[in-house]
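Undergrad: Handing you this structure, nothing more for now.
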Amino acid sequence: MFTFLHAADIHLDSPLKNLAIREDAPVETIRGAARRAFDNLVALAIEEEVDFLLLAGDLYDGTWKDYNTGLFFIERMHKLRQAGIRVFLVSGNHDAASRITKTLRLPDNVVHFSSQSPQTVQIHELDVAIHGQSYPRRKVSDNLAVNYPNPEPHLFNIGLLHTALTGRPGHEKYAPCTRDELINKGYDYWALGHVHQREEVCRDPWILFPGNLQGRHIRETGAKGATLVRVDNDRVSEMTFRELDVIRWGFHQMDCSDITCESELLERVSEAYTQELESTDGRPLMLRLELQGPCPFHGELLRDSRYWQSALEALAIDSGEIWLEKILFHTHRSQPLEPSALEGSPMEGLLNSIDEADLELLDAPELQTLLSRLPAELLREQPLLPADNTEKHALLEEVREVLLARILRQVSE
């Protein structure tokens, strides 16, 4: 019987992205999130007295050149060495681009698999064989798994591989291979990396993406961590996901179809914050809130979106450990506007022109000149105008709704 931990996609010292940080935000926790999550992994390995740790690629973050990151990793490997824990790792696409990977001398309890060809390492006292290959470069379009060796007879065989399999949303199709190819290889466990969402691809044999150790942005929501595996009589007897992240990302979509006044909206949002916090087990929560659906209160939201932005952020402060990544106002009118409502109004022509606008309107030289004069910090994270036609249509519709809300207020006054 033996126990091991399977983790991947650590991305040490990778910055958390697209977060407007309040003055009272836990800045040091945010900056050190990847390191603290890795410390949690090391502590778990020692606490559970695992026999070895598998790291399935992307330990570092691309072309990051801070050698303190590498020194941090080596120090943690020495801690595992003192506890008698071996570590087996392959380089992924980010590691292959890292200068740190190529220059560090690793302690003798760490096996870093070659990038030249698949390599097999046996742990004789456990009757285990681990097969793996690192990436020689950032973009690997070859099927690495096809050249992995046949399983060692009478041993528990593990394949350590950084791959997207046949493809996963949001991930480059690196080292492509199929589920059936891995099954037919005859290994007992495939320890995969590269995909940041935990996924049990197969249970016989086990083929697993553990997900990344710490979410870095809003597309990496929910609990993150590693998988603890116990093997008895050459069979996986227990498989446990262990949460190790120190900051949690969440995305809450709230249906506003029955909200008619300010107090109702604030109460519902407060309830949503409480609900989201209950799932974090005390961790700081970086939350994106989307208000959506047909909403009787739609006009009020659009008429003064800055006020509502501030009000909902204030609620987040009152709720505790919530920092809003973004608020999206995606509601729409409960009832369509009667054509006669603005008939004869000076604004009727403006709205009609928006309805009939070609997408080239957003590419007009005058608009591009205006955008070029905006402060650089406004353009740093993402472009103000979308490139995708679907998103452009959505933007024009949003402009129309904002104008309508403001016009109708003036009409009612």
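Undergrad: Given 0.36 nm per residue, what is the gain on full extension from S305 to R230 after removing their alpha carbon distance, in nm?
TA: Stretched out fully, the S305 to R230 stretch lengthens by 21.7 nm.
Undergrad: Now for a separate question. How much of the DSSP beta bridge set in region 247-335 is antiparallel, as a percent to the nearest 5?
TA: 0
Undergrad: Efficiency by 1/(1 + (r/R0)^6): what FRET value for K79 and R242, r their Cβ-Cβ distance, R0 = 25 Å, to the nearest 0.05?
TA: After rounding, the FRET efficiency stands at 0.90.
Undergrad: Sticking with this structure for a sec: What full-extension length gain, to one decimal in nm, is calculated for R179 and N143 as 0.36 nm per residue of separation minus the Cα-Cα distance?
TA: Here the segment from R179 to N143 would lengthen by 11.7 nm.
Undergrad: Note the full-extension length gain between D39 and Q116 as 0.36 nm times their separation in residues minus their Cα-Cα distance, in nm to one decimal.
TA: Here the answer is 24.7 nm.
Undergrad: Go ahead and run the numbers for FRET between N150 and E200, Cβ-Cβ distance against an R0 of 35 Å, rounding to 0.05.
TA: Efficiency at R0 = 35 Å is approximately 0.90.
Undergrad: Residues with amide H under 5 Å of E199's amide H, sequence separation 5 or more or different chain, H placed in the peptide plane at 1.01 Å from N; which?
TA: Close amide H contacts, sequence-distant or interchain: F209, G211.
Undergrad: Could I have the simple spin-label model distance between L328 and L106, label points 7 Å from Cα toward Cβ, reported in nm to one decimal?
TA: Calculated label separation equals 4.0 nm.
Here, each number is a calculation from the coordinates, and none is a lab measurement. All of these numbers come straight from a predicted model, not from anything done at the bench. Note that each Cβ is placed from the backbone with ideal geometry, even for glycine, and that neighbours are counted across all protein chains shown.
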